[in-house]
Amino acid sequence: MPEVELINIAKRFGKVTASADINLKVADGEYVTILGPSGCGKTTLIRMIAGLIEPSEGKVFIAGKDMTNVPIEERDIGYVFQNIALFPHLTALGNVAFGPIVKDMSEEEVKSVPQRYLEMVKLLDRMGMFPDELSGGEQQKVSLARALASGAKLLLLDEPLSALDARVRMDLRYELRRITKDLGLTVIHVTHDQEEAMTVSDRIVLMRNGRIVESNTPEALYLSPQNLFTANFIGETNLLEGVVKEVLPDRSLVELRDGTVVEAKPSKFRRGDAVVLSIRPERVHPANEGLNSVIIKITYMGTYIRITVESDSEDTMLFDVSTSEDRVYSVGDRVNLIWSKRSGILYPRPPEGVEEAIKLE
């Protein structure tokens, strides 16, 4: 199986830098998702891996070989595009058979391989249908089967689910991971959808402004993000500005702008340091004492209720309560909010300001 390594990759389009200082290694059989907001350079990056565009600087290695200037057809990869790209004049079976035919497989393989992969994506009963007779989800499954039937061990997925309905996306992302893991493929998957990335990935590479911000497992990026942008982009979080009051062995004490002192995880900050405190909404709870706030919005989310409050220091916060909870909340109610010291992560207050540090573009 192929390992992929990018060394000092950069791509410029005139005066615009789409990617810069990219160093990344994807292990054999690893499912890596490149995640980030629109325009962050993730599609440019996967196209350089594929050979659709050449980097301005740096090297692309696949299976230990320098592929930087090698055309896409010689890289032995499977590629699934964002916009469904099937041959309209061929049936589902004909589309999937295209790779085996081009690769000059035996007549027996040209018959058996496409049917095997159509069965894998659960579309064998649709093999005689043309693309315009299939739903969007079925067409993308055919695109996946076509990429797999080429026999490539490296699969590149460029926003493969973005054009599909929400329910179809949810079903197909589980199929993507199941099939690729069963086949032992190395996968690089580009998306702007955080939930999609969290669901399918062994590892997420988060990008912003053409550079890698952070790379780790989905769990680590959610529970212990090392960067303020990551904390805000992966999932949702409350960001509160304050000053370190005291650092103890088991917790840090932070004084917020309204004078309330709250707890956070132990840190390397010192007394008087300006910090930003990050707390996930599901970790915040109403109590008899705590950060004094007023409810300004209530949103029903199904299994939980999302409540938006404004604190006395004019910070806006979110917290979640189960729909099975007995207490009834109303806009205008005052609530005190608390969270455990294990829930709050501290970051240095960025000199450019919090809004600038977390903005998407």
query: So how do 154-167, 54-67 stack up, highest first, on mean other-Cβ count within 10 Å?
result: 154-167, 54-67
Estimated inter-spin distance, Leu183 and Glu5, nm [label 7 Å along Cα→Cβ]: 2.6
query: Using a Gaussian network for the chain with springs between C-alpha atoms less than 10 Å apart, which of these wobbles most: Glu255, Glu219, Glu314?
result: Glu314
- line: Restricting to Cα pairs under 8 Å and 6 or more apart, the percent relative contact order of the chain works out to 15
- prompt: When the Karplus curve 6.51 cos²θ - 1.76 cosθ + 1.60 is applied with θ = phi - 60°, which whole-Hz ³J(HN,Hα) does each residue of segment 226-242 get, with x for Gly and Pro?
  reply: 8, 10, 4, 4, 4, 4, 7, 7, 8, x, 10, 8, 9, 10, 10, 8, x
- prompt: Between the helical axis of 136-149 and the dominant principal axis of the chain, each derived from Cα atoms, what acute angle in degrees is found, rounded to the nearest 10?
  reply: 60
message: I want the local charge near Lys59. Using Cβ-Cβ distances under 10 Å, sum +1 for each Lys or Arg and -1 for each Asp or Glu among the other residues.
response: -3
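Would you calculate a helix-derived [θ] at 222 nm for the chain, using -39,500 (n - 2.57) for each DSSP H run of n ≥ 4 and dividing by the full residue count, to the nearest 500? Spell out each step's value before the answer.
Numbers: 9 runs with 90 residues, N = 361.
After summing the helix terms and dividing by residue count, I get -7500 deg cm²/dmol.
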- line: The rounded separation in angstrom of the Cα centers of segment 233-303 and segment 1-71 is 38
statement: Counting sequence-distant residues (5 or more places) and residues on other chains, those with an amide H built under 5 Å from that of Asp333 are Ile295
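Between beta-carbons, use under 12 Å as the cut-off and find the net charge around Asn336, counting Lys and Arg +1, Asp and Glu -1.
On the way: positive: Arg334; negative: Glu289, Asp312, Asp333.
My count for the surroundings of Asn336 gives -2.
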- prompt: What percent does the relative contact order of segment 241-361 come to when contacts are Cα pairs within less than 8 Å and at least six residues apart?
  reply: 28
- request: Can you tell me the 0 to 90 degree angle between the C-alpha axis of helix 107-120 and the longest principal axis of the chain, rounded to 10?
  value: 20
Karplus-derived 3J(HN,Hα), 6.51/-1.76/1.60, for each residue of segment 300-317, Hz, glycine and proline x: 7, 10, x, 7, 9, 10, 8, 10, 9, 10, 10, 7, 5, 8, 6, 6, 8, 9
task: Enumerate the residues in segment 262-297 having an amide nitrogen under 16 Å from the point lying 7 Å beyond the Cα of Lys341 toward its Cβ.
output: 262-271
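I want the local charge near Leu93. Using Cβ-Cβ distances under 12 Å, sum +1 for each Lys or Arg and -1 for each Asp or Glu among the other residues. Please report the intermediate quantities before stating the final value.
Working: positive: Lys111, Arg116, Arg126, Arg146; negative: Glu119, Asp125.
Charge balance near Leu93 sits at +2.
Read the figures in this text as sums done on the coordinates, not as results from a lab. Just so you know, these numbers come straight off a predicted model, no measurement behind them. With ideal geometry, Cβ positions are generated from the backbone for all residues, glycine too; neighbour counts draw on all protein chains shown.
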